[in-house]
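Worksheet: the structure to be examined is printed underneath.
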Ligand SMILES: NC(=O)c1ccc[n+]([C@@H]2O[C@H](COP(=O)([O-])OP(=O)(O)OC[C@H]3O[C@@H](n4cnc5c(N)ncnc54)[C@H](O)[C@@H]3O)[C@@H](O)[C@H]2O)c1
């Protein structure tokens, strides 16, 4: 019988080769497939291994087992956590804590994971943040700080990591995004739904603070689109959206039923100069690269498709501010956050201030249907009122920053080709 990972590898390869698979999605699936194949082999050998690699650093620190943290499923709500259990209490970003605790970021090699790990390492110190993924990290990432293999579908392996590394928080990024998920629904169900079951149960057992991102994709055609409030109808039409609504509801349930410190932000499209993971809002990132490489871009959405967006700096800061917000300020466990909304044509107009000759053509594909069911303008007034969320990047600052960052990458590429 094929192992789960072997089936995943086979599924990814098949999806990547599917005739209707958009080229960027194919590329992303193809990137994951070898990792999943490797994972199939690693599953076998891991059965014969009793420990995971130890975290770097923290040498000489005493290892303290807080037995109170090992709540193996008592049905009653746990006693209130005292300060000693919460490693991170809103330090200044420049401050490095002496905490022995770890904060793992599963799915760390994705668009958000790597940058989030770097952000948190600047705040808490290199060894306090444990990156993990099923993909082999490049040398730079591997040398930046602790990086381990973790399959989100392997509950026992996750338990071992939490115990061995004395983990306090989990930031759960592993997922198949909207366009990729539609190309391989069974795998999306497993990674996005079963993966969430695993981390939620784990967080409950070991009393961890858990962050799971949600998305504008958790809304659907029946939701009000302009603006979309924090609480409204959610009837998404993608497996990605369905899995995110599932995560939101399960997390809220575990919070009310078991006292789990579950926190969830619904992000809009996140724009950074790192390669995106196969979402519907990715066009905005591609437009910068193509504008600066060739001066031309073919967009898979219509020119007037308005979607909420934010720069990655705002995204990372929102996550950290939310994770460190005092519990008493949180009237909810799930909040909308955003910074701006724009259409492809509005983005192109702003970009022409730097690339005046930019030509954009439009050829909508299956992602247009997804975008048409998503919010156009996201109402994040509750996050602003409750825990003080405030974005810093508007459209013009976003474009200025991206032109600079992507421009540097494009120059490096050109130099490497010479
Ligand atoms: N990027 C965005 O615009 C955006 C917007 C809203 C929400 N989000 C959410 O943020 C999270 C991260 O998004 P991203 O853009 O970084 O995604 P991404 O696709 O770039 O990264 C996801 C990572 O998950 C990993 N992964 C896949 N299967 C795994 C498994 N079995 N075990 C462990 N890891 C596995 C992949 O290797 C990949 O590195 C996702 O949950 C996504 O829904 C992202």
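Run the quick spin-label model on residue 194 and residue 122: label points 7 Å from Cα toward the beta carbon, then report their separation in nm to one decimal.
Using points 7 Å along Cα→Cβ, the separation is 3.8 nm.
Rg over Rh of the range 142-233, using C-alpha atoms and the Kirkwood radius, what does it come to?
On the way: Rg = 15.9 Å, Rh = 15.2 Å.
Answer for the range 142-233: 1.05.
What translational diffusion coefficient, to the nearest whole µm²/s, does the range 285-341 have by Stokes-Einstein, given a Kirkwood radius computed over alpha-carbon pairs, a temperature of 25 °C and 0.890 mPa s viscosity?
Values: Rh = 14.3 Å.
Using the Kirkwood radius from Cα pairs, D works out to 171 µm²/s.
For the range 365-416, what is the Kirkwood hydrodynamic radius in Å, using each pair of distinct C-alpha atoms?
On the way: mean 1/r = 0.0684 Å⁻¹.
After inverting the mean inverse Cα-Cα distance, the result is 14.6 Å.
How far, in nm, would the chain grow between residue 185 and residue 415 when pulled straight, counting 0.36 nm per residue and subtracting the alpha carbon separation?
Values: separation 230, 0.36 × 230 = 82.80 nm, distance 4.03 nm.
Difference between extended and current length: 78.8 nm.
Would you please state which residues of the range 264-296 a label at residue 357 would reach in this model, taking the label point 7 Å out along Cα→Cβ and a backbone N cut-off of under 13 Å?
Answer for this model: 291-296.
Most exposed first by the Cβ proxy, i.e. fewest other Cβ within 10 Å, how do 309, 340 rank?
Values: 309 25, 340 22.
Final ranking by Cβ density, sparse to dense: 340, 309.
Please state the equivalent ellipsoid semi-axes for the range 262-418: what are the square roots of 5 times the Cα gyration tensor eigenvalues, largest first, in whole Å?
Numbers: eigenvalues 182, 66, 33 Å².
Ellipsoid semi-axes (Å, largest first): 30, 18, 13.
On each of the three principal axes of the Cα atoms of the range 326-418, give max minus min coordinate, whole Å, ordered largest first.
57, 31, 23
Going by average Cβ density within 10 Å per residue, which order do the peptides 245-252, 381-388 take, highest to lowest? Write down the numbers at each step before the final one.
Details: 245-252: 19.5, 381-388: 15.9.
Descending mean neighbour count gives 245-252, 381-388.
Mind ordering 180-191, 316-327 by average Cβ neighbours within 10 Å, highest first? Walk me through the numbers on the way to the answer.
Values: 180-191: 22.0, 316-327: 17.7.
Ranking, from highest mean packing down: 180-191, 316-327.
Let me know the Rg and Dmax you get for the range 130-189 when you use only its Cα atoms, in Å.
Values for the range 130-189 (Cα only, Rg and Dmax): 13.5, 37 Å.
Where a ≥ b ≥ c are the square roots of the eigenvalues of the C-alpha gyration tensor, would you call the range 140-296 rounded, which needs a/c under 1.5, or, failing that, prolate if a/b is larger than b/c, or oblate? It would help to have the intermediate numbers written out before the result.
Values: a/c = 2.02, a/b = 1.23, b/c = 1.64.
Taking the square roots of the gyration eigenvalues as a ≥ b ≥ c, the range 140-296 is oblate.
Equivalent ellipsoid semi-axes for the range 229-348, as square roots of 5 times the alpha carbon gyration tensor eigenvalues: give them largest first, rounded to whole Å.
Values: eigenvalues 201, 52, 29 Å².
Here the semi-axes work out to 32, 16, 12 Å.
State, in angstrom, two size descriptors of the range 98-174 derived from its alpha carbons: Rg to one decimal place and Dmax to the nearest whole number.
11.2, 32
Tell me, what is the Rg over Rh of the range 180-250, with Rh the Kirkwood radius over Cα pairs?
Details: Rg = 13.3 Å, Rh = 13.0 Å.
With Rg and the Kirkwood Rh in hand, the quotient comes to 1.02.
Which of rounded, prolate or oblate describes the range 322-369 when judged by the alpha-carbon gyration tensor and an a/c cut-off of 1.5?
Details: a/c = 5.37, a/b = 2.24, b/c = 2.39.
It is oblate, given that a/c is not under 1.5 and a/b is not larger than b/c.
Exposure proxy check: 163, 270 ranked by fewest other beta carbons within 10 Å? Please list the in-between numbers first.
On the way: 163 14, 270 26.
Lowest count first: 163, 270.
Taken together, the values in this text are just the output of simple stated rules run on the coordinates, not laboratory data. Quantities reported herein were computed from a predicted structural model and do not represent experimental measurements. As a convention, Cβ positions derive from the backbone with ideal geometry for all residues, glycine included, and neighbour counts pool all protein chains shown.
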